[in-house]
Amino acid sequence: MRISRVLRIISKTIMKMGETATPGKPLKTIKEGQAEICLKSEKVFYNPVQEFNRDLSIAVLSVFIEDYKNEKLARVDKKTKYLSSVDNADKNEIPVTILEGLSATGLRSIRYAKEVPNVTKIIANDLSQQAVETIKDNIIHNQVESIIETSHDDACMLMYKHKHPLKRFSAIDLDPYGCPSMFLDSAVQSVQDGGLLLVTATDMAVLAGNSPETCYGKYGAVSLKTKCCHEMALRILLQCIEHHANRYSRYIVPMLSISADFYIRVFVKIYSGAIHCKKTTSKLSMVYQCVGCDNITLQPLGGFKPNPTEQNPGQMKAYLPSVPPVGERCVNCNQKHHMGGPIWSAPIHDEIFVTRVLTHVQEKPELFGTSKRIQGVLSMVREELQDAPLYYVMDKMFGKVHLETMPMLVMRSAILNAGYKVSFSHAARLSIKTYAPAQVIWDIIRTWEKKHPVKPANVSEEKMAKSIRNQNKRSKEQRAQKREHSPQSEEEAPKKRNDNNITTQ
């Protein structure tokens, strides 16, 4: 029996080795969009859940490249003052280079080459030699050798090699497994002025407040365990990118920020300008979270106020705001606060850009396997209030005070009747974004409580008495009875007695 079992195991191993080692014979063939990739090893990573991520990136890049070329031409016109002589030929001559720092199978780069128009060159890089070999095979299989170039290098070192203004990339895509912060310092230096940085983070447990000290070490911000943790995660990542960019007199302009599935994804433009870097303090805020009602209060790190002069009537002056914005106790529930941050408190989307991406997907839905989901998410994003950071979650708020949850339409109507704007957030299903102060929201909840009071707890006196009797029962039994040890052998007992005698002498 043992011999037959061993033979079966050996035969299965040989068959598996034959499958992985046979040259030219792929284990799996995957089709996505216009690309088809062949996997010859199970060690090369492919994630089918990220199809939405790749589809959205293609749509964003398609719209961005048009803007990028127009901005380049506008800069040329500003320097040379000859707008009339700029024609379409000049526009087509502007190179568009894309770097995918962590390519794995090369699927994303191949899709960019085949589905994103006007791309001049794509570099597909990976640290794994086996992954690079797979990428080369897939490039040949998809006939995109003229556009994609492979690279076997550390992503950070590759980007540092391209930080000279003449060597910078038009767009850099970073989609690592986990935290992307180690790549950001090199990435913000190797993107062209007006270029696009696409960054994914999958360590949501850290960003959502499960480990605030780890979040500070990785992202330079303390995360909080709050109901609006998904949007806070986006804002922590944005402030981290801005922090890295400011070191080199550069700054970010968020175009689109998405929370989906198990990750967050941001699309930001990078620009240079020391003057604009001084405005960063007005875009970042510390966060005060009430431990009782979960109310969030933001404290900007800085601000600007008018300082007109005769020569410059529109001049502004930076100032430091007074702190703290909250008292020792919450005004709503009299509980204490936790402090987190800093987070990005400026807008996280560009509404015009989002609308153009949405229109692009609506006009060409056949190009995207997840077009319906993209349209739904972008429609929600476009309707979000841009100047209202974070959001409330309906069922969590009403659960705090043990009330029946108010219908969403009733809550939105109440906020509108109070004179404040309101919207949903794409990051949570029962979310509310509004300019209304927290006091107004809790006044609405108190009014709702008058018509829908808290139901009395259904606990009988007998159950309560039993609960009182059983209180600390386990600890009393432990004090009354010592834990029994395993029986000792005849040799161990005298040895232990001798040890005790030695100890007491």
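Some points to look at:
- Residue satisfying all of: in the stretch 324-368; of a type in the set (A, V, I, L, M), open to solvent by less than 50 Å² (accessible area, probe 1.4 Å) and over 21 Å from the mean Cα position of the chain (by Cα); farthest from Val63 (Cα to Cα) among these: Val326
Rundown of residues vs (1) exposed (fewer than 14 other Cβ atoms within 10 Å of the Cβ); (2) within 18 Å of the chain's Cα centre (by Cα); (3) of a type outside the set (Phe, Trp, Tyr); (4) outside any helix (DSSP H, G or I), yes/no style:
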| position | (1), (2), (3), (4) |
| --- | --- |
| Glu42 | yes, no, yes, yes |
| Gln50 | no, yes, yes, no |
| Leu56 | no, yes, yes, no |
| Leu61 | no, no, yes, no |
| Ile65 | no, no, yes, no |
| Val76 | no, no, yes, no |
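- Failed condition for Ser85, given (1) open to solvent by 40 Å² or more (accessible area, probe 1.4 Å); (2) modelled with pLDDT of 95 or more; (3) farther than 26 Å from Ser41 by Cβ: (2)
- The condition of being in contact with a Pro (Cβ under 6 Å, 6 or more places away or on another chain) and within 25 Å of His338 (Cβ to Cβ) does not hold for Met232.
- Check on Ile444, open to solvent by less than 80 Å² (accessible area, probe 1.4 Å), of a type in the set (Val, Ile, Thr) and within 22 Å of the chain's Cα centre (by Cα): no
- Here is the figure for the stretch 399-421: residues that are part of a helix (DSSP H, G or I), of a type outside the set (A, V, I, L, M, F, W, C) and open to solvent by 70 Å² or more (accessible area, probe 1.4 Å) total 2.
- Flag for Gln375 being of a type outside the set (Asp, Glu), surrounded by fewer than 22 Cβ atoms within 10 Å (Cβ to Cβ) and modelled with pLDDT of 95 or more: yes
- Hey, Cys293 outside any strand (DSSP E or B), farther than 27 Å from Thr200 by Cα and under 26 Å from the mean Cα position of the chain (by Cα) or not: yes
- Restricting the first member to the stretch 365-383 and to residues that are touching a residue at least 40 places away in the same chain (Cβ under 8 Å), and the second to residues that are open to solvent by 60 Å² or more (accessible area, probe 1.4 Å) and part of a helix (DSSP H, G or I), the beta-carbon pairs closer than 9 Å and six or more apart or on different chains are Ser371/Gln362; Val381/Glu351.
- The set of residues from the stretch 210-234 being touching a residue at least 60 places away in the same chain (Cβ under 8 Å) and more than 21 Å from Ile172 (Cβ to Cβ) comprises Pro212, Ala221, Val222, Ser223, Leu224, Thr226, Lys227, Cys228, His230, Glu231, Met232.
- Residue in the stretch 119-131 that is more than 25 Å from the chain's Cα centre (by Cα), modelled with pLDDT of 95 or more, surrounded by fewer than 20 Cβ atoms within 10 Å (Cβ to Cβ) and within 26 Å of Val188 (Cα to Cα) present: yes
- Residues considered: Lys218, Lys227. Of these, the only one that is open to solvent by 40 Å² or more (accessible area, probe 1.4 Å), over 12 Å from the mean Cα position of the chain (by Cα) and modelled with pLDDT under 95 is Lys227.
- Residue within the stretch 146-166 that is touching a residue at least 60 places away in the same chain (Cβ under 8 Å) and over 26 Å from Leu234 (Cα atoms) present: yes
- Residues located in the stretch 425-441, provided they are out of contact with any helix residue (DSSP H, G or I) (no Cβ under 6 Å at 6 or more places or on another chain), surrounded by 19 or more Cβ atoms within 10 Å (Cβ to Cβ) and not polar (S, T, N, Q): Ala428, Ile432, Lys433, Ile441
The values are calculated or read from the model by the stated rules, or taken from the named source; none is laboratory data. Source: prediction; values computed, not measured. Neighbour counts are summed over all protein chains in view; Cβ atoms, including those assigned to glycine, are modelled from backbone coordinates with ideal geometry. All accessible areas refer to the heavy atoms of the entire protein, side chains included, with ligands and DNA or RNA removed. Shrake-Rupley method; radii C 1.70, N 1.55, O 1.52, S 1.80 Å.
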